[in-house]
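Nothing in this text is a laboratory measurement; each read-out follows from the coordinates by a stated rule. All values reported here derive from a predicted model rather than from experimental measurement. Heads up, the Cβs are rebuilt from the backbone with ideal geometry, glycines too, and the neighbour counts pull from every protein chain shown.
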Amino acid sequence: MNHFKHLPEPFRIRVIEPVKTTSREYREQAILNAGMNPFLLDSEDIFIDLLTDSGTGAITQNMQAAMLRGDEAYSGSRSYHTLAATVKQIFGYQHTIPTHQGRGAEQLYIPVLIRKREREKGGKPDSMVALSNYFFDTTQGHTQINRCVAKNIYCANAFNTDVYEDFKGNFDLAKLEQAIIEIGAENIPYIVSTITCNSAGGQPVSLANLKGAYEIAQKYQIPVVMDSARFAENAYFIQQREAAYADWSIEQITYEAYKYADILAMSAKKDAMVQIGGLLCFKDDSLLDVYTECRTLCVLQEGFPTYGGLEGGAMERLAVGLVDGMRQDWLAYRIQQVQYLVDGLQAVGIYCQQAGGHAAFVDAGKLLPHIPAEQFPAHALACELYKTAGIRAVEIGSLLLGRDPQTGKQHPCPAELLRLTIPRATYTQTHMDFIIEAFQKIKENIHNIKGLEFVYEPPILRHFTARLKEVD
Ligand SMILES: *Cc1c(COP(=O)(O)O)cnc(C)c1O
């Protein structure tokens, strides 16, 4: 069906969840009650929820059916063996530990790798530095609470919204090697390749770049962790944009990509499509000591290593989700849907970042020049979007970034963005048109949108629970 302009939803919708339609008046009161913070809204009061795509998408028939096969044995569950065999087949990784979600894997491998480096390489405690193309926020958090600095080494245009590039998630390889030489390999416990690069707006990393980063890491004997939440979207972008792999299947590209890491850490709530679940896997026996230590820690923190915080049925569902998440037609549809939304928004004069895999990023700084950064233009836009159309989106800007803990001053933020995250197979093309129309209406009313100030500002992670009011 390549000669059609748009690929329609390549699936049938058999189960539906009703949503409530509300009036503008109702929504104005609801957002006021929520302290002008969409995080504090009730899901019931939302028409289209674009807060995140993590565990919020549709699951497949096969995933649903697989749950009934769960073996709920405390140890040695058949469902665990099914999951481990699937991981071996897709990624070629020999050892699997299930975890309750991505950060469950992080709380195992991160302290183990840092302590190992300190012990074995003679690195001094508190001088450790981990490197990444860009750390996801929980990965950064776990690194930091283990007294290790998290340093990002991304390419020059990663955050330049005026420039299009095929692989904005790439490492700057020259800078990566330079950083290793300056910091000293003995002080670097791991390198994290994040695919896709979430923080740069779901931008992909090329296979050549993953390979290049791995070769550098091997030269200096530093383990590489593939932070794998959007492994299938990344493979799709490689297939579409990296000439050498144009004829490869998603499965072939995925298998190839995982040769260039030693450890797989995954939030399975994204591309593996499950509501809850994660993975920590090891390629071979070269890090057997790390695997063994992670298993021991798993017993304490997640559960016995053959269930790791998941019920048997959830492990079966995850095994199927890994496979279904790699379907060529679904990936094509998903990436096209995000691109359609970005193109539609740009066409009505709403400036967006280059489309990535899972979300559109609206440049609220450009849209609302009359609201200064310290009055949170992207958050004000989120509130207006909810009032206008019942759509919930999330600010990625000054409110999220917060203050410098030493000086108490607002960190300067490179861009004030509003993220519209698209859950998998949950909203249709008509919903995308509706979102675009909502922005068109907002644009007509742009000068009436007011900045926001705090009524209550929590000391840390303030965006989750802050309460605000409009500035007069
Ligand atoms: C979501 C995500 C995580 C954290 O996973 P959770 O399942 O939310 O705990 C880690 N890394 C990346 C790249 C992610 O996208």
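Straight-line cross-link partners of Lys168 among the aspartates and glutamates, defined as a Cα under 17 Å from its Cα and at least 8 positions apart when in the same chain: Asp227, Glu233, Glu242. For segment 145-220, a Kirkwood hydrodynamic radius built from all Cα pairs, placed in the Stokes-Einstein relation at 10 °C and 1.306 mPa s, yields a translational diffusion coefficient of 121 µm²/s.
Using Cβ point charges alone (K and R +1, D and E -1), the dipole size of segment 274-343 about the Cα centre works out to roughly 180 debye. Mind checking which of Ala84, Pro189, Leu300 is farthest towards the positive end of the chain's charge dipole, using Cβ charges of +1 (Lys, Arg) and -1 (Asp, Glu) about the Cα centre? Value computed over the given set: Leu300. Per-peptide packing, taken as the mean over residues of other Cβ atoms within 10 Å, places 352-362, 24-34 in the sequence 352-362, 24-34 from highest down. Ranking Val224, Pro372, Thr22 by Cα position along the charge dipole of the chain, where only Lys, Arg, Asp and Glu carry charges on their C-beta atoms, puts Val224 farthest toward the positive end. Ordering Val149, Ser132, Val112 by Cα displacement along the dipole of segment 101-193 toward the positive end leaves Val112 in first place; charges were set at the Cβ atoms of Lys, Arg (+1) and Asp, Glu (-1). Of the trypsin sites (Lys or Arg not before Pro) found in segment 404-444, those in coil by DSSP whose Cβ has at most 12 other Cβ atoms within 10 Å are Lys409. Looking at the chain alone, DSSP beta bridges between its own residues are antiparallel in about 60 percent of cases. Shape class of segment 96-181 from the alpha-carbon gyration tensor: oblate, with a/c at 1.5 or above and b/c at least as large as a/b. Every helix of 4 or more DSSP H residues in the chain counts as -39500 (n - 2.57), and over all residues that averages to -12000 deg cm²/dmol at 222 nm. Assuming charge only on the beta carbon of Lys and Arg (+1) and of Asp and Glu (-1), the dipole of the chain about its Cα centre is about 300 debye to the nearest 20. Residue pairs exceeding 31 angstrom between C-alpha atoms, taken from Lys151/Lys443; Lys151/Lys219; Lys88/Lys211; Lys211/Lys270: Lys151/Lys443. Largest first, the three principal axis extents of the alpha carbons in segment 1-49 are 48, 24, 20 Å in whole numbers. Charged side chains reduced to their Cβ positions (Lys and Arg at +1, Asp and Glu at -1) give segment 116-198 a dipole of some 420 debye around its Cα centre.
Looking at segment 216-334, the DSSP beta bridges with both ends there are about 60 percent antiparallel. With a/c under 1.5 counting as rounded, go ahead and sort segment 90-129 into rounded, prolate or oblate using the C-alpha gyration tensor (a ≥ b ≥ c being the square roots of the eigenvalues; past the cut-off, prolate if a/b is larger than b/c, else oblate). Judged from the Cα gyration tensor, segment 90-129 comes out prolate (a/c at least 1.5, a/b above b/c). In terms of its C-alpha gyration tensor, the chain comes out prolate, because a/c is 1.5 or above and the ratio a/b outweighs b/c. Across segment 321-406, the volume of the C-alpha convex hull divided among the residues equals 147 Å³ per residue. For Val192, the shell of other residues with beta-carbons less than 13 Å away shows a net charge of -3, using +1 for Lys and Arg and -1 for Asp and Glu. In whole percents, the pair-distance distribution calculated for segment 117-248 from its alpha-carbon pairs, binned every 5 Å from zero, is 2, 11, 21, 22, 20, 12, 7, 3, 1, 0. What is the sum of charges around Ser77, taking Lys and Arg as +1, Asp and Glu as -1, for the other residues whose C-beta is under 12 Å from the C-beta of Ser77? Once positives and negatives cancel, what remains is -2.
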